[in-house]
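Report on the following structure.
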Amino acid sequence: MSEIKCLNLACGSKVSKLGNWTNVDFASPNPDVLEMNILKGLNFPSSEFDVVYSSQFIEHLSLS
């Protein structure tokens, strides 16, 4: 059985290191975070992750 792959979206400074996590945010000085503009889409193959987690992000989006 393979390990569950998890995506920590818009993680800010709260990176996940335990388990098989990929941490993503727009910009970060932390080398454990992939920098990506998620408003333009995610640069991962479809069905790449089993779990997607995000916290305290949606309030930063605008409706326009």
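Data table
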read-out: Over segment 6-64, relative contact order from alpha-carbon pairs under 8 Å, at least 6 apart, %; value: 35
read-out: Set of aspartates and glutamates with alpha-carbon distance to residue 5 below 15 Å, sequence-local pairs under 8 removed; value: 48, 50
read-out: With every protein chain in place, the chain: carbon and sulfur % of accessible area (1.4 Å); value: 56
read-out: Potential extension, residue 4-residue 38 segment - 0.36 nm per residue separation minus Cα distance; value: 10.1 nm
read-out: Accessible surface, per residue, of the chain when the full set of protein chains is kept, probe 1.4 Å, Å²; value: 79
read-out: Residue 34 long-range amide H proximity, modeled H, under 5 Å; value: 23, 24, 25
read-out: Pairwise FRET efficiency - residue 63 versus residue 16, Cβ, R0 = 25 Å, nearest 0.05; value: 0.30
read-out: For segment 44-51, Karplus couplings with θ = phi - 60° (6.51, -1.76, 1.60), whole Hz, Gly/Pro x; value: 10, x, 4, 6, 5, 10, 8, 9
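The values are calculated or read from the model by the stated rules, or taken from the named source; none is laboratory data. Please read these numbers as outputs of a predicted model, since none were measured by experiment. Ideal geometry is used to build each Cβ from the backbone, glycine not excepted, and the neighbour counts take in all protein chains shown. Areas reflect the complete protein model, heavy atoms only, side chains present, ligands, DNA and RNA absent. Shrake-Rupley method; radii C 1.70, N 1.55, O 1.52, S 1.80 Å.
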